[in-house]
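Chemist: First the structure, then my questions, so here it is.
The values are calculated or read from the model by the stated rules, or taken from the named source; none is laboratory data. As the structure is a prediction and not an experimental result, all values here were calculated from the model. Cβ coordinates were reconstructed from backbone atoms using ideal geometry, including for glycine residues, and neighbour counts include every protein chain displayed. Heads up: the accessible areas ignore ligands, DNA and RNA and are worked out on the full protein's heavy atoms, side chains in. Shrake-Rupley method; radii C 1.70, N 1.55, O 1.52, S 1.80 Å.
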Amino acid sequence: MYDTIVIGAGLSGLMAGIMRAERGERVLVLAKGHGTTHWASGCVDLYDSAASPLAAIEQLATEQPDHPYAIAGRAAVEAAFAKLRALCADAGYPLAGSLERNLLLPSAVGALRPTCFAPATMVAGDGRQLAANSGQSAPLLIAGFRDLRDFFPQLIAENLSAQGYTAAAAYLDLPPTSRSKEFTTTIFARLFEEDAFREHVGQQLRRLVKDGRFTRIGLPAILGQRHATQVLADLQARCGALIFEIPTLPTSVPGSRIYQVLADAFETRGGRVQLGSKVERAEGGHGQLQFIYSEAAAREQRHRADRYILATGGVVGGGLRGDYGGTLHETALGLPVHTPAHSAWFDPRFLNDSGHPVFRSGVAVDRTFRPVDEQGAVIYNNVAVVGSALANADAIREGCLEGLAVATGYAAGIL
Amino acid sequence: MDHIELSLVQSLDHCIKCNICTSACPVAAVTDKFPGPKYVGPQAQRFRMDSQPTPDDSVDYCSGCRVCNQVCPTGVRIAELNARARAQIVKERGVPVRNRLLGYSWLAGAAGSGPQAPLANFAMQNPLLRQIGERVFGVARKGPFPSFSRYTFRSWFKKHHKARTNTRRQVVYFHGCSTNYYEPRIGKVTVAVLERNGFDVILAKQGCCGLPLLSMVLSTMQNATTTIT
Ligand code: SF4
Ligand code: SF4
């Protein structure tokens, strides 16, 4: 018997779990598996805005009172980000950035992507810092390994140069290792924690810096798993230039680091994470959710708690699923999904500026994140819905995927 | 194909190629003879046809630990796909002696633990014997073996004076082979904790749980053993 069961082990679920565990509750996080944390960049987006993202969400809250940010409220957003930063800093993996101004960080194709907070290992890639660099005699270098698939220094460097951030590209030789094939991002991250490997890479970088007089080097985000901060500092010391990580395609090492930071924080506060346990149905009535059932080896496993927090994500995370008939389902508890009629899901223009109506689908909630039906009546008093499962936000277009997860997870965690 | 079989095969279509499973797999972490769950599971499965020989051998390195299943965000039944693929290899080529040796680890445990343990441990650690073992049976020379215990957990339990609990709360303890033959101290502390909390500990008659057999793809024999257990 738990005080709270959180369904979903992404940012929102873990934030909620941590906050409830800090109140002394017995908390279980049940999840199908690792999720979107391991696919995403490992940065935390608050809102895609050229000016202050915090001001933008304040305005959003007045214009769209049903938006999850409006429900969480500005105070919770600020407190949630402060909490997240403290957790990461305590784990020796600090986040850098500001709620008032987005960073602009190079992506794996060399586009500059706005984000609010990034791990300190990425921050030297900020567009404003790069701008100060370009045109000077000390340009920027993007380097990678041929053995790492889907990371092309040349592509990134050319795209950055085309945007006015002069950059050169180089491939590094793979240091001698016991491995001969299968160099995934995770395997590289483990190798970078080895002294000898770093020494070899450091020497190559040093030579490049000497020959090309580079002051900044962008490398794929594979610089260590548990000790990224130290790995980065060590490489910088060896080569004499600033280094920044550029997010890769999945599996995302920075994403898995932030998962680890939060999962560790949750567990040291007495919480328990049970993966491989997809919640498939629920039982309840009279406004109370009583039991949930997760998939197990030979039969269902029944779980019971006073309070439940649904943090299973949207379509990408598996919390919402569309069937062929054009109905969206909430997959864990069977809650009604707030969504336009099937015929109104999409705008005729594929790349529509304001997105497609279906993107705003999700579970509708009241001011305390309790799920409501189409009439606005609360379905379960002891359930809170957080993160991408929530209706009335288009997180990708608004650039608020992680921020929304962190803020709503936090807000439900302190209810 | 029954619905379970069907759900396994269909689950491979859920794979989004994120490689989360590969990142978590303990075998892929230590050897690249094993390309990882994504490759040997949902990817290779597309090339496994009933009427054709098995397309890749590396799946045999899968230990069946199921970590990949736990972390997969889309619910692909990787470990089960692997287990069936390995069974297919065995069907085509028979069971190697190595698998028979390692699969019946409880027999080895029963033979090695007890007063003769020092001798057995000496043999298991003897480089010459291990080299022969590698040549003849294919058991890696450097693979560490647990050491046999001088006494078994069950023999200790028989002599152990149960704490007087006056309770009707009972626990049936399935300790497993490892606790019985190699690490009885695990069982001893388990009993201590349970008794301290007022439980009456009962040891049921038990055999091998079948996991080593499953790992070694001796699944038909496993059925027999599971019945014993
Ligand atoms: S974790 Fe699942 S979805 Fe991702 S690559 Fe592995 S099998 Fe495919
Ligand atoms: S079951 Fe096999 S493939 Fe999956 S994690 Fe374990 S060893 Fe790797």
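Chemist: Under a Cβ-Cβ cut-off of 14 Å, what is the net charge of the residues other than A:P114 that fall near it, where Lys and Arg count +1 and Asp and Glu count -1? If you can, show how the numbers build up before the last one.
Modeler: Numbers: positive: A:R101, A:R113, A:R128, A:R397; negative: A:D45, A:D48, A:E100, A:D126, A:E398, A:E402.
The answer is -2.
Chemist: If you don't mind, there's one more thing I want to ask. Can you bin the range A:266-321 into rounded, prolate or oblate? Criterion: square roots of the alpha carbon gyration tensor eigenvalues sorted a ≥ b ≥ c, rounded for a/c under 1.5, prolate for a/b above b/c, oblate for the rest.
Modeler: Numbers: a/c = 1.20, a/b = 1.07, b/c = 1.12.
The shape class here is rounded.
Chemist: Show me the ranking of peptides A:22-32, A:149-159 by mean Cβ neighbours inside 10 Å, starting with the highest.
Modeler: Values: A:22-32: 21.4, A:149-159: 18.5.
Averaged packing, sorted descending, gives the order A:22-32, A:149-159.
Chemist: Taking the alpha-carbon centroid of each part, what is the distance from the range A:86-121 to the range B:59-85 in angstrom?
Modeler: 34
Chemist: State, in square angstrom and to the nearest 100, the accessible area buried between chains A and B, both chains counted, probe radius 1.4 Å.
Modeler: On the way: alone 17940 and 14200 Å², together 30490 Å².
Adding both sides of the contact gives about 1600 Å².
Chemist: For the range A:162-179 and the range A:291-309, compute the distance between their C-alpha centroids and round to whole Å.
Modeler: Result: 48 Å between the Cα centres.
Chemist: Follow-up. Could you work out how far the C-alpha centroid of the range A:345-365 sits from that of the range A:198-276, in angstrom?
Modeler: Comparing the Cα centres of the range A:345-365 and the range A:198-276, I get a distance of 36 Å.
Chemist: On a 1.4 Å probe surface of the protein chains, which of A:E267, B:E195 comes out largest in accessible area, and what is the full order?
Modeler: Values: A:E267 90, B:E195 25 Å².
Descending accessible area places them as A:E267, B:E195.
Chemist: Additional query: Give, in whole angstrom and from largest to smallest, the semi-axes √(5λ) of the equivalent ellipsoid of chain B, with λ running over the eigenvalues of the Cα gyration tensor. If you can, show how the numbers build up before the last one.
Modeler: Values: eigenvalues 263, 118, 52 Å².
In descending order, the three semi-axes are 36, 24, 16 Å.
Chemist: Another question, then. Mean separation of Cα pairs under 8 Å and 6+ residues apart, divided by the residue count of the range A:6-65: what relative contact order is that in percent?
Modeler: Relative contact order here is 28 percent.
Chemist: Of A:F346, B:F199, A:F244, which has the most accessible area with a 1.4 Å probe, and how do the rest follow in descending order?
Modeler: The most accessible residue leads, giving A:F346, B:F199, A:F244.
Chemist: What residues does the range B:67-90 have that are buried by at least 30 Å² of accessible area in the full protein assembly compared to the chain on its own, 1.4 angstrom probe?
Modeler: Relative to the lone chain, where solvent access is computed with a 1.4 Å probe, the range B:67-90 loses at least 30 Å² at B:Q70, B:V71, B:P73, B:R77.
Chemist: What residues does the range A:160-184 have that are buried by at least 50 Å² of accessible area in the full protein assembly compared to the chain on its own, 1.4 angstrom probe?
Modeler: A:R179, A:E182
Chemist: So for the pair B:S63, A:L351, with labels modelled 7 Å out along Cα→Cβ, what separation do we get in nm?
Modeler: 4.8
Chemist: Then there's this: Only Cα pairs under 8 Å and at least 6 apart count here; give the relative contact order of chain B as a rounded whole percent.
Modeler: Working: 282 pairs, mean separation 38.9, N = 229.
Once divided by the residue count of chain B, the mean separation gives 17 percent.
Chemist: Tell me the accessible surface of B:M49 in square angstrom (1.4 angstrom probe, heavy atoms of protein chains only), to the nearest ten.
Modeler: 90
Chemist: Ok, one more. In Å², and per residue, what accessible area does chain A have when probed at 1.4 Å with the other protein chains present? All intermediate terms of the calculation are to be shown ahead of the outcome.
Modeler: Values: 17140 Å² over 415 residues.
About 41 Å² of surface per residue is accessible.
Chemist: Follow-up question, since we're still on this one. For chain B, modelled as a GNM with alpha-carbon contacts under 10 angstrom, which of B:C15, B:C177, B:C62 fluctuates the most?
Modeler: Fluctuation is largest for B:C15.
Chemist: Assign one of three labels to the range A:110-224, namely rounded, prolate or oblate, based on the Cα gyration tensor with a ≥ b ≥ c the square roots of its eigenvalues; rounded applies when a/c is under 1.5, prolate when it is not and a/b is larger than b/c, and oblate otherwise. Don't jump to the answer; show the numbers that get you there.
Modeler: Details: a/c = 1.87, a/b = 1.53, b/c = 1.23.
Prolate.
Chemist: Ok, one more. About its Cα centre, how strong a charge dipole does chain B have in debye, to the nearest 20, once Lys and Arg get +1 and Asp and Glu get -1 at the Cβ? It would help to have the intermediate numbers written out before the result.
Modeler: Working: 29 positive and 14 negative charges, 216 e Å.
Dipole about the Cα centre, nearest 20: 1040 debye.
Chemist: Now for a different question. Give the average, rounded to an integer, of partner chain Cβ atoms located within 10 angstrom of each Cβ in A:34-44. Provide the component values of the computation, followed by the final result.
Modeler: Details: counts 9, 5, 2, 2, 7, 5, 0, 0, 0, 0, 0.
Mean partner shielding for this stretch: 3.
Chemist: Relative contact order of the range A:202-304: what whole-number percent is it, with Cα pairs under 8 angstrom and at least 6 residues apart? Working shown, then result.
Modeler: On the way: 108 pairs, mean separation 19.1, N = 103.
Once normalised by length, the contact order is 19 percent.
Chemist: Count the net charge of all other residues whose Cβ sits under 14 Å from the Cβ of B:F174, scoring Lys and Arg as +1 and Asp and Glu as -1.
Modeler: Details: positive: B:R154, B:K205; negative: none.
Combined, the nearby Lys, Arg, Asp and Glu give +2.
Chemist: According to a simple spin-label model (label point 7 Å from Cα along Cα-to-Cβ), what is the distance in nm between B:N126 and B:Q43?
Modeler: In this crude spin-label approximation the distance works out to 4.4 nm.
Chemist: Past the 30 Å Cα-Cα mark, which pairs from A:K278/B:K158; A:K210/B:K38; A:K210/B:K33; B:K38/B:K142; A:K32/A:K83? Before the final figure, lay out the partial values.
Modeler: Values: A:K278/B:K158 42 Å; A:K210/B:K38 41 Å; A:K210/B:K33 38 Å; B:K38/B:K142 28 Å; A:K32/A:K83 26 Å.
Cα-Cα > 30 Å for A:K278/B:K158; A:K210/B:K38; A:K210/B:K33; rest within.
Chemist: Continuing with this model, one more query. Can you show me the helix-derived [θ] at 222 nm for chain B, built from DSSP H runs with n ≥ 4 at -39,500 (n - 2.57) apiece and divided by the number of residues, rounded to the nearest 500. Don't skip to the answer; put the middle values down first.
Modeler: On the way: 13 runs with 110 residues, N = 229.
One gets -13000 deg cm²/dmol as the mean residue ellipticity at 222 nm.
Chemist: Which whole number gives the average count of other chain Cβ atoms within 10 Å of the Cβ atoms across peptide B:19-30?
Modeler: Values: counts 9, 12, 3, 6, 14, 7, 1, 0, 0, 4, 3, 2.
The per-residue average across the peptide is 5.
Chemist: Here's another thing I want to ask about it. Roughly to the nearest percent, how much of the accessible area of the range B:153-202 is carbon and sulfur, given a 1.4 Å probe? Please report the intermediate quantities before stating the final value.
Modeler: Values: 1800 of 3470 Å².
Roughly 52 percent, rounded to a whole number.
Chemist: Also, quick follow-up: Taking the Cα centre of chain A as the origin and placing charges on Cβ (Lys, Arg +1; Asp, Glu -1), which of A:L275, A:I309, A:F183 is farthest toward the positive end of the dipole?
Modeler: Of the candidates, A:F183 comes out farthest on the positive side.
Chemist: Right, another one. Out of residues 5 or more away from A:A384 or on other chains, whose amide H comes under 5 Å of its own, with H placed 1.01 Å from N in the peptide plane?
Modeler: For A:A384, whose amide H was placed from the backbone, the distant partners under 5 Å are A:Y308, A:I309, A:L310.
Chemist: Rounded, prolate or oblate: pick one for the protein assembly as shown, where a ≥ b ≥ c are the square roots of the eigenvalues of its C-alpha gyration tensor, a/c under 1.5 means rounded, and failing that, prolate if a/b is larger than b/c, else oblate.
Modeler: On the way: a/c = 1.84, a/b = 1.29, b/c = 1.43.
Taking the square roots of the gyration eigenvalues as a ≥ b ≥ c, the protein assembly as shown is oblate.
Chemist: Carbon-plus-sulfur fraction of the accessible area of chain A, 1.4 Å probe, in percent?
Modeler: 52
Chemist: Any residues in the range A:286-334 that have 30 Å² or more less accessible area with all protein chains than in their chain alone, probe 1.4 Å, and which are they?
Modeler: Going by heavy-atom accessible area, the residues of the range A:286-334 that drop by at least 30 Å² are A:E295.
Chemist: Per-residue accessible area for B:S51 at 1.4 Å probe radius, Å² rounded to 10?
Modeler: Accessible surface of B:S51 is approximately 110 Å².
Chemist: For the range B:3-94, with only Lys/Arg (+1) and Asp/Glu (-1) charged at the beta-carbon, what is the dipole magnitude about the Cα centre, in debye rounded to 20?
Modeler: On the way: 11 positive and 9 negative charges, 19 e Å.
With only Lys, Arg, Asp and Glu charged at Cβ, the dipole is about 80 debye.
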